[in-house]
Structures are given as structure tokens and as C-alpha cells.
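What follows is a short report on a single structure.
The values are calculated or read from the model by the stated rules, or taken from the named source; none is laboratory data. These numbers were taken from a predicted model, which means no experiment stands behind them. Note that we place each Cβ from the backbone using ideal geometry, even for glycine, and neighbour counts take in every protein chain shown. Surface accessibility is based on the protein's heavy atoms, side chains included, excluding ligands, DNA and RNA. Shrake-Rupley method; radii C 1.70, N 1.55, O 1.52, S 1.80 Å.
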Amino acid sequence: MSLECKVQVFLNNLSEKKAESIRKSLEPDNIDFPENLSFRIEKDEASLIFIFEGKGNIRTLISTIDEVLEQTQVILKVTS
Amino acid sequence: MLGLGIESTAHTFSCAIVEKKGKQGKILSDVRKIYRPPEGEGIHPREASRHHAEHSSEVLSECLRKSNVKIDDLDIISYAAGPGLGPCLRIGAVVARSLSSYYDIPIYPVNHALGHIELGKMLTGAKDPLVLLVSGGHTMILAFLSKKWRVFGETLDITVGQLLDQIGRHAGFASPCGPKIEELASKSIEYLPLPYVVKGNDVSFSGLLSATKRIIPKGIESACFSLQETAFSMMGEATERALAFTGKKELLVVGGVAANKRLSNILSSICARHHCKFFVAPKEYAGDCGSQISWIGLLESSKKPGVNLENTFVKQSWRLDTVEVLY
């Protein structure tokens, strides 16, 4: 039996402009994901929600979350 | 016109601001941070990208400060979209996209290898050269024809930069190993026979790599000397044949290995035989840098608008000979 995971990351208190910048910066690389792994971004008022879903190899899911959060940190830094 | 260029294809994270006036370019600032793997080890893509992520904002700030330019003053932003290591490329792309989106500046994804060539031309004044691109990512002989750089010879396996790095790492040096190998080679004139493989106008270095590892116990200096003589003579032969075939009257050497003086000696003597002008990219800008990316972005902006953010790709294996050059 393989493990199925869903991870949601909430980025709160973002300005509309910054949230849009994060979304637009991350989405172009959200392609060619391995099978059984997905990532999507949703907007909820002043929050941005990253939704990761993975099945099987949990390391791949963790690596993806790690890379996306690292890139988000870069975006926040260079636009501050 | 002011352009910010972001380079992050491999070891180097760099931001540069270049000003273009007419056809002239001027580098206002070029700031770099280089990921150094532990001695004897090669580049780990994810570790390199962590390095780039960590230093990106500091490099960008220093680049703006040194050039005395504010982000709002920038006319365009360009980034190296490939070829390169996926995680590293994505950091550069994310920095460029976030600035483009947040400050509403046109964005250009550019080919890293093309940047080496065009920056080399801009800095040396070469007009229509045969190009030898030698680095960790490329070993190619190219000439421009009908809107594209055409390949007149290349490596069939590893690049010359990888060859030097792998020998250096085998001997326990830290990457990049080219300067250390050049220094050791200059202390010997003892040539130990090594495989010399030129097929048509292409070269192959993998046999040379294995054979050089085997002769290192006979003396590291003579091994480095023999390695350089063999590898550079192979490239020299292929380049000379391409010069004779294309009839070009200029030869330009670009890429990190262009900084090697022995390679320049061999190539300049070939140029003398063919009554051809010899150009080599200045050492400071021979390797990976933001200036090469910024300059291509500026050249492209004279012919086309920036791309939409959703189309800002990264492509790990983006061959130079597939890029259409419009400027």
C-alpha cells in the first residue's frame, strides 16, 4: 500500500501585488511533474495557498515542497 | 537602454546591468557569487541552487548599487533560460519573473551559449567570426549563417571543461580545476602519449579522460602538460579545418576555458597561418556572467517585445543551433 499525502501551505498577509507576483513567478515551472505528484496555487483573500499532492515516493513530494518554498522565499526577498 | 541580466545555469549566480546605446554596449556592473563544491567533488545541482537562492537578493542589491541604477530605471530583464542545470535555472528564472511581474518590466528568456558569443563579439569587436565555444557546458565550433549559429564541429561526449574538471577532481583539486591544471602544465615539457581522437570535425574526450587518470601516478605536472597538449591540439585541428572550410577571417574564443593561455597560443598560431584575426574574450568575462545574459536581452529587445510571464520557460537542453537570431 502506498502513502498518499496532501500538504497545504498558507502564505498569509500578502498584498495583492505580491501574491500575484509569487503566483506568476512559480506557475511557469509547474509543468512536466512526475506521475503521482501535483502542485497548484489558489488565492484566498489575503492568502495564497500552495497545495501539494503526492502518492508513492514521499521524498519526491518533500523535495518539491522544499524547492517551491525556497523559491517563494527568493521572490519575497527580491521584491521587498 | 538599460538591461538587467541574470545568470544561474551552473556554478555561478550573477546579476549584471548593461547599457546599450545604438549598437554599443557598456557594462555598468557585473556581480557574481560562485558555488564551490568540496575539494574532489563535482557540482550538485540542488546544492548549487540552494547557494543561488541564498545569495540572489544580495547579488542583485550589490549589482544595482554598483551601477547606481534603481530597479524602476530598468527597461528590460533577461535571464538564462538554458542550457543548464534545472534547479539552478529555476532560481534565475524566478528572480527575473518576480522582478518583471512586481515592477512591470519586460522579460526575455535567453540562451546562455549565445550570450557567450555575443558578449565576446561586443567586447572584442569581432564582426563575423568563426567561434570556438569552450566551457564546462560546451565544446563547439560555430559560424553564423542564415539567422542561426551553425555547428561545424563539437564534442561527441564530454566537454573540454568537464575533462579538465574531472581530471582535477580525480587529483583532489577544487572545481573549477582549469587554472590549477594550467599552472601545473606550465611546469613540465615532458609529453606522455595520450589518445588523440578527432572524428570528422568532432572531438571525443572520454578516452583521453581515462588515459590521463592512468598516467597521473607518473607525475601530475607531466600528466597536466600532456592532457592540455592533446586536448587543445585536437580542438586546434578541428578549428583549423573549419577555418579553411568557412573561409572566415576572424576566430573568436569564448567560454571559461578561453582564459587558458596555452589554448590561445595554439589558436593564434593557426590564425597566423590562415591570415585570420584572433580574438579571445577578456578573462573577466570569458566565464559565466550576468553581462552575457543582459547583452542578449538588449539585442533581442531591439527586434521583439518581451514574452508573457506564462511563457517564460526554462529548458535544460536548449541547443544553440536551434535559436533564431533576429538582430
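Given the options B:SER233, B:SER264, B:SER269, name the one that is outside any loop (DSSP other than H, G, I, E, B), surrounded by fewer than 18 Cβ atoms within 10 Å (Cβ to Cβ), free of Cβ contacts under 8 Å to residues at least 60 places away in the same chain and under 18 Å from the mean Cα position of the chain (by Cα). Please lay out each step first, then the result.
Numbers: B:SER233 fails: under 18 Å from the mean Cα position of the chain (by Cα); B:SER269 fails: under 18 Å from the mean Cα position of the chain (by Cα).
None of the other options fit; the residue is B:SER264.
Exactly one condition in (1) in contact (Cβ under 8 Å) with a residue 24 or more places away in the chain; (2) surrounded by 15 or more Cβ atoms within 10 Å (Cβ to Cβ); (3) in contact with a helix residue (DSSP H, G or I) (Cβ under 9 Å, 6 or more places away or on another chain) is not met by A:ALA46; state its number.
(2)
Note down all Cβ pairs under 7 Å where the first residue falls in segment B:105-116 and is closer than 18 Å to B:ALA286 by Cα and open to solvent by less than 10 Å² (accessible area, probe 1.4 Å), the second is assigned to a strand (DSSP E or B) and polar (S, T, N, Q), and they're at least six residues apart or on different chains.
Sorted first by the residue in segment B:105-116, then by its partner, the pairs are B:VAL110/B:SER78.
Please verify whether B:GLY137 is in contact (Cβ under 8 Å) with a residue 40 or more places away in the chain and surrounded by fewer than 24 Cβ atoms within 10 Å (Cβ to Cβ), treating the condition exactly as stated.
Values: in contact (Cβ under 8 Å) with a residue 40 or more places away in the chain: yes; surrounded by fewer than 24 Cβ atoms within 10 Å (Cβ to Cβ): yes.
Taking the combined requirement at face value, the residue satisfies it.
Of all residues in segment B:22-64, which are open to solvent by 40 Å² or more (accessible area, probe 1.4 Å), within 20 Å of the chain's Cα centre (by Cα) and within 14 Å of another protein chain (Cβ to nearest Cβ)?
Those that are open to solvent by 40 Å² or more (accessible area, probe 1.4 Å), within 20 Å of the chain's Cα centre (by Cα) and within 14 Å of another protein chain (Cβ to nearest Cβ): B:LYS33, B:HIS44, B:PRO45.
Given the conditions (1) facing chain A (nearest Cβ under 10 Å); (2) open to solvent by 20 Å² or more (accessible area, probe 1.4 Å), report the number of the one that B:ASP128 does not fulfil.
It fails just one condition, (1).
Tell me yes or no: at least one residue of segment B:33-48 is in contact with a strand residue (DSSP E or B) (Cβ under 8 Å, 6 or more places away or on another chain), in a strand (DSSP E or B) and under 30 Å from B:ARG169 (Cα atoms). So that I can check it myself, show each step before the final result.
As a first pass, look at segment B:33-48 and keep what is in contact with a strand residue (DSSP E or B) (Cβ under 8 Å, 6 or more places away or on another chain): B:33-35.
After this cut, where a residue has to be in a strand (DSSP E or B) as well, the list is B:33-34.
Next, from what is left, pick out any that are under 30 Å from B:ARG169 (Cα atoms): B:33-34.
Yes, segment B:33-48 contains a residue that is in contact with a strand residue (DSSP E or B) (Cβ under 8 Å, 6 or more places away or on another chain), in a strand (DSSP E or B) and under 30 Å from B:ARG169 (Cα atoms).
Can you name the number of the only condition in (1) over 23 Å from B:TYR102 (Cβ atoms); (2) in the same structural domain as B:LYS26 (by the TED database); (3) out of contact with any helix residue (DSSP H, G or I) (no Cβ under 7 Å at 6 or more places or on another chain) that B:ARG273 fails?
(2)
Only one residue in B:LYS70, B:LYS147 is assigned by the TED database to the domain that holds B:SER233 and surrounded by fewer than 23 Cβ atoms within 10 Å (Cβ to Cβ). Which one? Steps first, answer last, please.
Numbers: B:LYS70 fails: assigned by the TED database to the domain that holds B:SER233.
Only one candidate qualifies: B:LYS147.
Residue pairs, Cβ under 8 Å, 6 or more apart or interchain, first in segment B:184-202 and closer than 10 Å to B:THR230 by Cα, second in a loop (DSSP other than H, G, I, E, B) and modelled with pLDDT of 95 or more. List them.
B:VAL197/B:SER204; B:VAL197/B:PHE205
Going by what's in this entry, would B:SER98 be described as open to solvent by 10 Å² or more (accessible area, probe 1.4 Å), among the polar types (S, T, N, Q) and farther than 26 Å from B:LEU263 by Cβ? Walk me through how you get there before you give the answer.
Working: open to solvent by 10 Å² or more (accessible area, probe 1.4 Å): no; among the polar types (S, T, N, Q): yes; farther than 26 Å from B:LEU263 by Cβ: yes.
Spelling it out, it is not the case that B:SER98 is open to solvent by 10 Å² or more (accessible area, probe 1.4 Å), among the polar types (S, T, N, Q) and farther than 26 Å from B:LEU263 by Cβ.
Would you check which residues across segment B:82-106 are farther than 19 Å from B:LEU298 by Cα, facing chain A (nearest Cβ under 8 Å) and under 25 Å from the mean Cα position of the chain (by Cα) and list them?
B:PRO87, B:ARG90, B:ILE91, B:VAL94
Looking at segment A:49-80, which of the residues that are crowded, with 19+ Cβ neighbours inside 10 Å and in contact (Cβ under 8 Å) with a residue 60 or more places away in the chain is farthest from A:VAL7 (Cα to Cα)?
Per the criteria, the residue is A:THR79.
Could you check B:GLY161 against (1) under 26 Å from B:LEU119 (Cβ atoms); (2) within 21 Å of the chain's Cα centre (by Cα); (3) open to solvent by 30 Å² or more (accessible area, probe 1.4 Å); (4) modelled with pLDDT of 95 or more and say which number it fails?
B:GLY161 satisfies all of (1) under 26 Å from B:LEU119 (Cβ atoms); (2) within 21 Å of the chain's Cα centre (by Cα); (3) open to solvent by 30 Å² or more (accessible area, probe 1.4 Å); (4) modelled with pLDDT of 95 or more except (3).
Take segment B:302-327 and flag every residue that is over 22 Å from B:THR124 (Cα atoms) and in a helix (DSSP H, G or I).
Here is the first cut: in segment B:302-327, the residues over 22 Å from B:THR124 (Cα atoms) are B:303-319, B:321-324.
Matches in segment B:302-327: B:LEU309, B:GLU310, B:ASN311, B:ASP321, B:THR322.
So, restricting to strands (runs of 3 or more DSSP E) that lie completely within chain A, which ones have at least 3 residues that are closer than 30 Å to B:TYR108 by Cα and away from every other protein chain (no Cβ under 14 Å)?
On the way: elements: A:4-11, A:37-44, A:47-55.
Those strands (runs of 3 or more DSSP E) span A:37-44, A:47-55.
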